[in-house]
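Okay, structure first, notes after.
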Amino acid sequence: MLSRSSFTSLVVGVFAVYVAHTCWVMYGIVYTRPCPAAAQGAAGGCVWPYLARRPKLQLSVYTTTRSSIGAESNIDLILNVEDFDIESKFERTVNVSVPKKTRNNGTLYAFIFLHHAGVLPWHDGKQVHIVSPLTTYMVPKPEEINLLTGESDTKQIEAEKQTNALDEPVSHWRSRLTLNVMVEDFVFDGSSLPADVHRYMKMVQLGKTVHYLPILFIDQLSNRVKDLMVINRSTTELPLTVSYDKISLGKLRFWIHMQDAVYSLQQFGFSEKDADEVKGIFVDTNLYFLALTFFVAAFHLLFDFLAFKNDISFWKKKRSMIGMSTKAVLWRCFSTVVIFLFLLDEQTSLLVLIPAGIGAVIELWKVKKALKMTIKWQGLRPRFQFGTYNDSEKKTEEYDAQAMKYLSYLLYPLCIGGAAYSLLNVKYKSWYSWLINSFVNGVYAFGFLFMLPQLFVNYKMKSVAHLPWKAFTYKAFNTFIDDIFAFIITMPTSHRLACFRDDVVFLVYLYQRWLYPVDKSRVNEYGESYEEKSKKKLKAQ
């Protein structure tokens, strides 16, 4: 069997190998080896860029309800850019006619052609095109109302009356279309074309050399949920913002891989909203900050695992509640479960929801250990039995109850007042949503007060030896990492502010760690003292 230290070392080693491997893969994506023959002026085996000939190009965007077109019929031209300059970025907003089929929960496609100027796309043998749906299917956001007056957003009601039931996905309009063309005059090695770019390339033979036509790319990561609009049956036109910018080969390859990763998440069951949270990380940050985000996320996962591991190990071996605030354990369990239900109700990203759910399960198990609870089944009916506390544990409970008595004078009026205020002034989807929001606002705003009983117990006992310091250390690292994530991942504002609140609590714990030096006669977190261990070792000898 592996010891705890060797297992931790193994996990850290695997983590280091994973980070190194990821860096190597990222380098392979960004850097592409050019054709060696091109440097010597030879053409054999190389694939040359057609854009190096500087042809006059034209950009045309059409819409149709069909996913493929073979003729000029049944399509609408919505944008035509003559003398298209691949080096110049632009952004234009056009009104798109919405066919009846699309208004009846159908799909509308955009066909983007890059072709020679003055020639129709289907008459140009050297045209390139790409297809993108302008609609997607999503469940509409539930209506929010004032629970006392029944008031709601009039526009939202009108839109939802003309759509299907709220639990059924309906067609939404993608109001942005972002186009890119790879502008580098890069010469590829024909024998080792990158697979990611190859599927976007179209080859033509010009004399003795092979050329690849302009690489046209649609940035799907820019399609965000916040830009979606519900399509109702009365809408005949909708706005579409078409933007263009050039792109380098390295960024193009990186973007292709990121889009494939988001698509894979959706295939594994991630919803459009979950995938949108991942898109936001890539789109709303620059590449350097994105690299920092990757390393921060990797270390966050490592510290999360080590914190969970040490926390479980601590409570699994714990035999005494001396110096531990039972009220703090109960509150931490309640607050963790409430936060999980709140994040679930808000349809928060799985990046936040899954760790919160695991934490809630662990906190429930810790309550069972803290209350010395055993469950015995009598048929299908469970029977709960609670253990007894010794004199030292009862003394800790007295300190705990004393701290909670003082806190209740402040906490309960604040929570009740906040719930009443939100009921009068804030709109909610249901009474359950109001109840969960009221609980979670109390947890976020005043939850740190329930950490004070443990600080009070530490103060009265003048010791912190009973606390799980290994788990605390990993959680402290993660708390400061959460401060960075608070600006990167989309989450409710109250959850974001709670990340900064926890910093203060950990600093107070660290201050108590410095204030109360280790007393070897006191019991540690496992109910043992250093002197007792020494005596046992001497007897064993």
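Each reported figure results from applying straightforward, stated rules to the coordinates on display, with no laboratory input. All figures in this text were calculated on a predicted structure; none of them were measured in a lab. Here the Cβ is made from the backbone with ideal geometry for all residues, glycine too, and neighbour counts use every protein chain on show.
Brief remarks on what is shown
- Hz values of 3J(HN,Hα) by residue in the range 296-308 - Karplus curve (6.51, -1.76, 1.60), Gly and Pro given as x: 4, 5, 5, 5, 4, 4, 4, 5, 4, 5, 5, 5, 4
- Among 7-15, 333-341, the order from most to least packed when residues are scored by Cβ within 10 Å on average: 333-341, 7-15
- Centre separation in Å (Cα based) which lies between the range 312-379 and the range 184-239: 48
- Put simply, the amide H of residue 175, placed in the peptide plane, has neighbours under 5 Å in 229, leaving out anything fewer than 5 places away on its chain.
- Cα centroid separation - the range 405-430 against the range 5-20, whole Å: 46
- Dipole magnitude of the range 1-140, debye to nearest 20 (Cβ charges: Lys/Arg +1, Asp/Glu -1, about Cα centre): 360
- Packing rank of 374-386, 57-69, where each peptide gets the mean count of other beta carbons within 10 Å, highest leading: 57-69, 374-386
- Packing, taken as the mean count of other beta carbons within 10 Å per residue, orders the peptides 324-330, 421-427 from highest to lowest as 324-330, 421-427.
- Length released on extending from residue 233 to residue 510, taking residue separation times 0.36 nm less the Cα-Cα span: 93.6 nm
- Across the range 230-246, rounded Karplus estimates of 3J(HN,Hα) from the backbone phi angles (6.51 cos²θ - 1.76 cosθ + 1.60, θ = phi - 60°) give 5, 8, 9, 6, 8, 7, 10, 9, 9, x, 9, 9, 9, 10, 9, 7, 6 Hz, Gly and Pro being marked x.
- Members of 101/226; 226/327; 126/226 lying beyond 30 Å, as alpha-carbon distances in this model show: 226/327; 126/226
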